[in-house]
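Peer 1: Sharing a structure here in structure tokens format.
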Amino acid sequence: MGTTHSPRYFLTTFGCQMNQADAQRIRGMLTSIGYEESNSEDDADLILFNTCCVREHAEQRLISRIQSLQRLKKTNRELLIGIAGCVAQAKKERLFELLPHVDLVFGPNDIPTLPLLLQHARTRKATGAFAAIGGFDGEQADGIILEKPFSALVNIIRGCTNFCSYCIVPHVRGPEVSRPLPELIDFISDLARKGVVEITLLGQNVNAYGKDIGLEEGFITLLERVEQIPGIRWIRFLTSHPRDFSFQAVDRMARLQKLCEMFHLPAQAGSDRILRIMNRGYTRRRYLDLIERVRTAIPGACITTDLICGFPTETEAEFEETLSLVREVRYESAYTYYYSPREGTPAASMEGMLPEDERKARLTRLIEVQNAISEEESAKQVGHTFDVLVDGCSERTPGHLLGKTRTGRVVDFAGSSDLIGRFVRVKIDRARLWTMSGTMV
């Protein structure tokens with residue numbers, strides 16, 4: 001007598017932590033309708049790609065991955081291949097023309113309709129409604145599957161209304177929609193009761209949280225409420241917008257014990273003119289004043305950033321202003337990119353596009369400056385002892401664990417797997433650009 005097995009899915013997620021949070025919802029939804037997660041594309045009945053379109057390179061990686069699946073599609077006619085996320089929202093039905101063996105396409109705001117889409121995809125090409133506005137209807141702690149049972153990503157605000165001239169995100173994720181404060185507190189409290197000890201609050205611009213629902217300084221108010229939830233020990237957040245990050249919020253954050261001393265403050269450029277045509281809404285001086293306020297109020301704060309070089313019309317002198325900003329702030333780490341035009345954004349049609357080789361050359365110089373600073377800042381950690389939340393086992397070194405400090409630095413140290421999800425003390429023996437090695441004490 002033959003046996004049947006539950007349908008299996010294989011999920012690949014590209015891009016930011018907002019996408020990682022969406023992956024929690026997708027896993028939960030698929031589990032609720034009987035799917036099991038597979039460790040391999042080869043034995044999956046459903047292969048899903050949760051995508052990012054912030055940079056062209058991510059799109060090209062996606063296309064290459066899906067094209068490589070044609071052989072599986074030929075050998076398994078029942079296999080469904082789907083594209084979710086921002087690339088799906090941006091390209092919609094055009095993806096079927098580009099990748100004919102794809103069966104379903106849906107945007108980040110269509111995730112609640114996934115079970116119905118899967119039914120449709122059995123008989124025809126299926127698409128979501130590509131909803132222009134996100135929401136939180138029906139999202140419960142029981143409805144998500146965490147990658148790590150002790151750490152959760154929590155979306156507090158969906159969408160973005162900043163419209164930076166280079167960014168596609170507002171066009172694909174829609175306007176800002178905040179989750180009501182009582183709902184968030186209940187949601188995070190439920191997670192804490194399930195054993196979650198670390199929360200990362202997410203939004204394209206967390207500092208805008210609450211503005212659309214009438215909350216004044218809504219984000220810091222939320223942080224103060226989460227601080228009071230029993231069981232939650234560490235609170236993180238991503239991403240901030242310097243324009244909306246008030247000095248009052250910094251001062252109130254300094255009084256929170258559970259808030260980790262890690263601030264990701266995307267500068268993007270060091271030139272006021274470039275910041276203006278990027279539509280960032282702040283000046284270099286305002287940005288530096290914010291950095292000073294954070295470091296004064298919260299000693300030992302780790303500050304990281306995003307930087308774009310080679311923006312249209314950027315001169316050599318303006319690029320040097322970005323380098324000088326990096327030297328002045330001394331970021332612990334930076335995500336650095338050369339400008340990549342995104343169809344549908346104002347910057348894509350600007351005159352003065354720099355040749356790609358020049359943009360790449362500037363990126364190389366920027367990375368060299370930042371890496372030197374990162375090494376120096378990292379070396380300062382040697383000899384110090386830190387609280388570390390153990391994330392998992394090291395894949396490179398048998399018998400070793402990986403964890404992270406309050407400031408987000410990754411630490412490698414010897415230990416047994418029963419420590420995963422627990423807090424330990426580790427003395428740092430050696431430091432690299434961002435990761436460190438140490439000994440448990």
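The values are calculated or read from the model by the stated rules, or taken from the named source; none is laboratory data. Worth saying up front: this structure is predicted, and the values here are computed from it rather than measured. Note that we place each Cβ from the backbone using ideal geometry, even for glycine, and neighbour counts take in every protein chain shown.
Peer 1: Taking the residues in segment 338-376 that are hydroxyl-bearing (Ser, Thr, Tyr) and in contact with a His (Cβ under 9 Å, 6 or more places away or on another chain) as candidates, determine which candidate is farthest from GLU314 (Cα to Cα).
Peer 2: Among those residues, the one meeting the criterion is THR345.
Peer 1: Let me ask something additional. Go through the residues of segment 234-244 one by one and say whether even a single one is in contact with a His (Cβ under 9 Å, 6 or more places away or on another chain), in a strand (DSSP E or B), closer than 24 Å to VAL326 by Cα and hydrophobic (A, V, I, L, M, F, W, C).
Peer 2: Within segment 234-244, one or more residues are in contact with a His (Cβ under 9 Å, 6 or more places away or on another chain), in a strand (DSSP E or B), closer than 24 Å to VAL326 by Cα and hydrophobic (A, V, I, L, M, F, W, C).
Peer 1: Looking only at segment 76-114, count how many residues are on the phi > 0 side of the Ramachandran plot and surrounded by fewer than 16 Cβ atoms within 10 Å (Cβ to Cβ).
Peer 2: 1
One line per residue, one yes/no per condition, for (1) of a type in the set (Asp, Glu); (2) under 18 Å from THR31 (Cα atoms); (3) assigned by TED's automatic domain parsing to the domain that holds GLU343; (4) crowded, with 19+ Cβ neighbours inside 10 Å:
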| position | (1), (2), (3), (4) |
| --- | --- |
| ILE145 | no, yes, yes, no |
| ASN155 | no, no, yes, yes |
| CYS160 | no, no, yes, yes |
| CYS167 | no, no, yes, yes |
| GLY174 | no, no, yes, yes |
| ILE185 | no, no, yes, no |
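Peer 1: Sticking with this one: From the residues in segment 4-35 that are in a strand (DSSP E or B) and under 16 Å from the mean Cα position of the chain (by Cα), which one is nearest to CYS53 (Cα to Cα)?
Peer 2: THR13
Peer 1: Here's a check for you: in segment 207-217, which residue that is buried (at least 22 other Cβ atoms within 10 Å of the Cβ) and of a type outside the set (S, T, N, Q) is farthest from PRO170 (Cα to Cα)?
Peer 2: GLY210
Peer 1: Please list, ordered by residue number, the strands (runs of 3 or more DSSP E) wholly in segment 339-420 having 2 or more residues that are in contact with a strand residue (DSSP E or B) (Cβ under 8 Å, 6 or more places away or on another chain) and touching a residue at least 60 places away in the same chain (Cβ under 8 Å).
Peer 2: Here the list reads 385-393.
Peer 1: For segment 98-195, list the helices (runs of 4 or more DSSP H) that sit wholly inside it and hold at least 2 residues that are at pLDDT 95 or above; which are they?
Peer 2: Per the criteria, 181-193.
Peer 1: Mind listing whichever residues of segment 254-276 are surrounded by fewer than 20 Cβ atoms within 10 Å (Cβ to Cβ) and part of a helix (DSSP H, G or I)?
Peer 2: ASP272, ARG273, ARG276
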